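Chemist: The structure follows.
The values are calculated or read from the model by the stated rules, or taken from the named source; none is laboratory data. Computed from a predicted model, the values in this text were never measured in an experiment. Quick reminder, even Gly has a Cβ in these numbers, built from the backbone with ideal geometry, and neighbours come from all protein chains shown. Protein only, heavy atoms only, side chains kept; ligands, DNA and RNA dropped before computing areas. Shrake-Rupley method; radii C 1.70, N 1.55, O 1.52, S 1.80 Å.
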Amino acid sequence: MSFLQNNIYYIGAFGLILIGLLIVLVKHNLIKVIIGLSIMDTGINLFLIAIGYLRNGTAPIFSSPEVESVLMVDPVPQALVLTAIVIGVAVLALALSLAIRLYKHFGTLDLRKIKELKW
Amino acid sequence: MVNPVLLIAVPLGLAFMVPLIDSASRKLTRFVPVAALMFNLILCIRLIPAVLENPIVINLGGFTPPFGINLFVGPLGLLFAGLISLAGLVVSIYSLSYIKNGPVVKYHMLYMLLLTGATGVVLTGDLFNLFVFFEILCISSYALVAYHGDRAGIESSIKYLIQGTVGSGLLLIGIGFIYGIFGTLNMADIAMKIATVEQSTLFVPMILMVAGLGVESAIFPLNAWLPDAHSSAPSSISAILSGIAIEVGLYAVARIVFTVFGISDIYLFFAFLGILTLLIGEMCAFAQSNIKRMLAYSSIGQIGLILFALALATNNTVTGGLFQLVNHTISKGLLFLSAGYMIYRSGSMEISSLNGMGKRMPLTSLAFTVGAFSLVGLPPFAGFPGKFLIVSGALLKGQMVINILVGLVLLSTVIEGTYFFRVIQALYFKDGNGERKRAPATAVTAMITLMILIVALGVYPKFLADFLSSASSDLLDKMSYVGSVLK
C-alpha cells in the first residue's frame, strides 16, 4: 500500500500518458486523436511536476527565512511545465484549425477515409 | 566582439515585426527575411576566427552554469548556424518571386520563426531550451507544410503534426527523467555527472529522447510523415525542411548521444540504423514516379548515410559525415528549388511531364543536373569529398561488420545514381512539348549561387574540411565541451 502512496503521482502521470497514446493509436476520429494528444500532454506535465514535488513542502518564494531549503518544492519543473503548457496550447490550436480545414476539404473527420497520399 | 545571441534575437524579433512592417509598406515585407538572414550570415562569418580559437560560452541572464541557460557557440554550432543562414538566405531570395499567392505575411513570419528555432537548437547548451526551440521549429513547419491549404497539404500537415507531437512528448518525458536523475538541465553538467550513475538507468531516458528527436530527423522507423510533408509543401519550404529541419534533428540526436551520454557501446546500433534508413530511403526513392516524393525519399537516404558516418565516431568519418551534410543541404536545396520551377511550368509533378525540359528551361535543368551529380557524389562536385572521406574513414576501422556496411553504402549510391540519371535522361534526351520560358531573375540568382558553391566546395574541399575537422572534434571530445562550459 505504501508503494502506491509514494508513487501515486508517477502512476497517474504514466497512466495519462499511456491513455493518450492509446487514443492516438486506436481512434479514427481526428478530434478524438487531438484529445488524445492533449491527454498525453497533461500526463507529461503531471510527471514533470511530480519530479520536483515534496509532500508538505512550501513554495520557494514568500516563505519565512527560517524554512530550510530541503523543505521547499523544486521550482524548476514548475517553470518547465508553464512553458510546456503554452507549447501544448499552441499545438492544440494549430491541430484544431487544421481539422477544420480538413473537414472543409474531405467532408469527414474519419482518418480511415482520408488517405490520398501513400508510399 | 559581436554577441552570438543576436543570431537568435534578430530573426526572432524581426519575425514578429513582419505584420507591422507589412501594414507600413506592402513591398517591404518580402525583403525582411533576406535582410535578417544576410545579417546572420555575416555575423557567422565574422565569428569564425574567434570560435576556432576558443568556443564562446554565453551565460544568458548572467547566471554561471550549471544554473540558468547558456549558449555554446563551438565550431559545430557555428557550422550549423552558418549553414542555416546560408540556406535560409538563398531560399528567401528564391521565394521573393516564388511565393506570390496566399497569406504572404504569415509565410515570411513562420519562415523566420522556423529558422530561429533551428538556430536556437544548434546553439543552446540547455536541454529544456533545446526542447523549446525544437517546438518553435516544429510548429512553424507544421503550419508551413499546409501553406497552400489544398487537400494534400492539409492531410500531410495533420500527419506530420500528430507524429511530431507524440515525438516531442517522448522527448519531454526523457528530459524529465534526466532532470529527475541529475537535478540539472545543463548539457555540460549532465555530461560530467553521467559516469556517476549506472548505465542501465540511463537506457530509458536515452531511448525516449532519441525516439523523440528521431521523428523530426526521420530516422528509419519514424519517418512515415516525411515524404508526404516534403512533397506537398511549397518547393521553397521543401528545400528548407529537407536541407535544414531534418539536419537540425540529426544534430540534436548526435549532440545528445555523443556529448551528453557518450556511451560508446550503442554506436554500432546507430550505424546499423543509419544503413537501414539509407537503404529503405533509396529503394523507396527508386520506385517513385513523382519527382518531389523522389527527392523526399532521397533525403531520408542521405540522413541515413550521415547518421552512419557520425555513428562510426572517428575523426575522419565524422568530418566526412559533416561534409556530406553540408553537401546535402546545398544540393537538395538546389534540387528542390529547380524542381519547383519545372513543376510550376509543366503543371505536374510526374517525372514523365518533365520530358525535354533541357531545351525549354536550360538553366533550371542545368541546376537540377548539378545538384543530382553532387548528391550522387561525382568528382568535380561537393558530394565527392564527403562520400570519399566517409568510405575511406570507415575502411580504416578495419572491422568486418563495418566493411560489409560500407559495401551497402556503395550499393545504395548505385541505386541513387540510377534514379537521378533517369530524371536527367528525361530532361535532356526525351522530346516534350511546351513553350520556352525562363525562371524569374531572383530564382536564377538563388540557383546560380548554390551551383557556384557546389563546384567551389568540390574543387577546393580543404577550405571546408579543416573547419569541419575542428567541428568533429567539438562533437566527439566530450571533456573539452564540459571544460569550456563549466570553467
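Chemist: If N is the number of residues in region B:263-475, what value comes out of its Cα radius of gyration divided by 2.2 N^0.38 Å?
Modeler: Dividing the Cα radius of gyration by 2.2 N^0.38 Å gives 1.05.
Chemist: Continuing with the same structure: Count, for each residue of A:91-102, the Cβ atoms from other chains sitting within 10 Å of its Cβ, then give me the mean as a whole number.
Modeler: Mean partner-chain Cβ count within 10 Å for A:91-102: 5.
Chemist: Ignoring ligands, DNA and RNA, what accessible area per residue does chain A give at 1.4 Å, in Å²?
Modeler: 62
Chemist: Can you give the accessible area per residue of region B:16-83, in Å², using a 1.4 Å probe?
Modeler: Per-residue accessible area for region B:16-83 comes out at 51 Å².
Chemist: Please give the peptides A:70-80, B:255-265, A:14-24, B:218-228 ranked by average Cβ packing (other Cβ atoms within 10 Å per residue), highest first, as a rough proxy for protection.
Modeler: B:218-228, B:255-265, A:14-24, A:70-80
Chemist: How large is ³J(HN,Hα), in whole Hz, for each residue of region B:359-370 in order, when computed from phi with the Karplus curve 6.51 cos²θ - 1.76 cosθ + 1.60 and θ = phi - 60°, using x for Gly and Pro?
Modeler: Rounded to whole hertz, the list is 8, 7, 10, x, 5, 4, 5, 4, 4, 4, 5, 4.
Chemist: On to the next question. Where both partners of a DSSP beta bridge lie in the protein assembly as shown, what percent of those bridges are antiparallel, to the nearest 5?
Modeler: About 90 percent, rounded to the nearest 5.
Chemist: Out of residues 5 or more away from A:MET72 or on other chains, whose amide H comes under 5 Å of its own, with H placed 1.01 Å from N in the peptide plane?
Modeler: A:THR58
Chemist: Spelling out what I want: for every residue of region B:92-103, take phi, set θ = phi - 60°, compute 6.51 cos²θ - 1.76 cosθ + 1.60 (Karplus), and round to whole Hz; glycine and proline get x.
Modeler: 5, 5, 4, 6, 3, 9, 6, 8, 10, 9, x, x
Chemist: Which of rounded, prolate, oblate describes chain A, given a ≥ b ≥ c as roots of the alpha-carbon gyration tensor eigenvalues and a/c under 1.5 marking rounded, otherwise prolate only if a/b is larger than b/c?
Modeler: Judged from the Cα gyration tensor, chain A comes out prolate (a/c at least 1.5, a/b above b/c).
Chemist: What whole-number distance in Å separates the alpha-carbon centres of region B:405-482 and region A:73-97?
Modeler: 39
Chemist: How crowded by other chains is A:23-34, given as the mean number of beta carbons from other chains within 10 Å of each beta carbon?
Modeler: 1
Chemist: Enumerate the lysines that B:LYS193 could reach by cross-link, defined here as Cα to Cα under 21 Å, with residues fewer than 8 away along the same chain left out.
Modeler: B:LYS478, B:LYS487
Chemist: Can you give me the solvent accessible area of A:LYS115 with a 1.4 Å probe, rounded to the nearest 10 Å²?
Modeler: Only protein atoms counted, so the area is about 120 Å².
Chemist: I need the shape label for region B:80-126. Rule: rounded when a/c is under 1.5, else prolate if a/b > b/c, else oblate, with a, b, c from the alpha carbon gyration tensor.
Modeler: Taking the square roots of the gyration eigenvalues as a ≥ b ≥ c, region B:80-126 is oblate.
Chemist: Here is a follow-up. Going by alpha carbons, how many degrees (0 to 90, nearest 10) lie between the helix axis of B:462-476 and the longest principal axis of chain B?
Modeler: Approximately 40 degrees, to the nearest 10.
Chemist: Sticking with this structure for a sec: Report the B-A buried area as the accessible area lost on both sides summed, probe 1.4 Å, in Å² to the nearest 100.
Modeler: Accessible area lost upon association: around 3200 Å².
Chemist: Could you run the Karplus curve 6.51 cos²θ - 1.76 cosθ + 1.60 with θ = phi - 60° over region B:282-290 and give me ³J(HN,Hα) per residue in whole Hz, x for Gly and Pro?
Modeler: With coefficients 6.51, -1.76 and 1.60, one gets 5, 5, 5, 4, 4, 7, 7, 10, 9 Hz.
Chemist: If you don't mind, another one. Using the Cβ atoms and a cut-off under 11 Å, what net charge is assigned to the surroundings of B:SER168, where Lys and Arg are +1 and Asp and Glu are -1?
Modeler: With Lys, Arg at +1 and Asp, Glu at -1, the net is -3.
Chemist: How compact is the protein assembly as shown by the rule of thumb for globular proteins, expressed as Cα Rg over 2.2 N^0.38 Å?
Modeler: 0.95
Chemist: Nearest 10 degrees, 0 to 90: what angle lies between the long axis of helix A:75-106 and the longest principal axis of chain A (Cα atoms)?
Modeler: Computed tilt is about 10 degrees.
Chemist: If you don't mind, there's one more thing I want to ask. Considering only Cα-Cα distances, which of the following residue pairs are longer than 27 Å: B:LYS332/B:LYS437; B:LYS387/B:LYS430; A:LYS113/B:LYS430; B:LYS292/B:LYS387; A:LYS104/B:LYS27; B:LYS437/B:LYS462?
Modeler: Check vs 27 Å cut-off fails for B:LYS387/B:LYS430; A:LYS113/B:LYS430; A:LYS104/B:LYS27; B:LYS437/B:LYS462.
Chemist: Where does chain A land at 222 nm, in deg cm²/dmol rounded to the nearest 500, when only DSSP H runs of n ≥ 4 count, each adding -39500 (n - 2.57), divided by all residues?
Modeler: Here the helix-only value at 222 nm equals -23000 deg cm²/dmol.
Chemist: Top to bottom by accessible area (1.4 Å), largest first, where do B:LEU453, B:LEU375 land?
Modeler: From most exposed to least exposed: B:LEU453, B:LEU375.
Chemist: Which shape class, rounded, prolate or oblate, goes with region B:360-487 when its Cα gyration tensor gives a ≥ b ≥ c as root eigenvalues, a/c under 1.5 marks rounded, and past that a/b bigger than b/c marks prolate?
Modeler: It comes out oblate by the Cα gyration axes.
Chemist: Tell me which residues come under 5 Å, amide H to amide H, from B:ASP126 once H is placed; ignore anything under 5 positions away on its chain.
Modeler: Distant-sequence amide H within range of B:ASP126: B:ASN70, B:MET187.
Chemist: In addition: Using square roots of five times the C-alpha gyration tensor eigenvalues, list the equivalent-ellipsoid semi-axes of chain B in whole Å, biggest first.
Modeler: Those come to 34, 26, 21 Å.
Chemist: For the Cα atoms of chain A, what angle does the longest principal axis make with the long axis of helix A:30-52, in degrees from 0 to 90, nearest 10?
Modeler: 10
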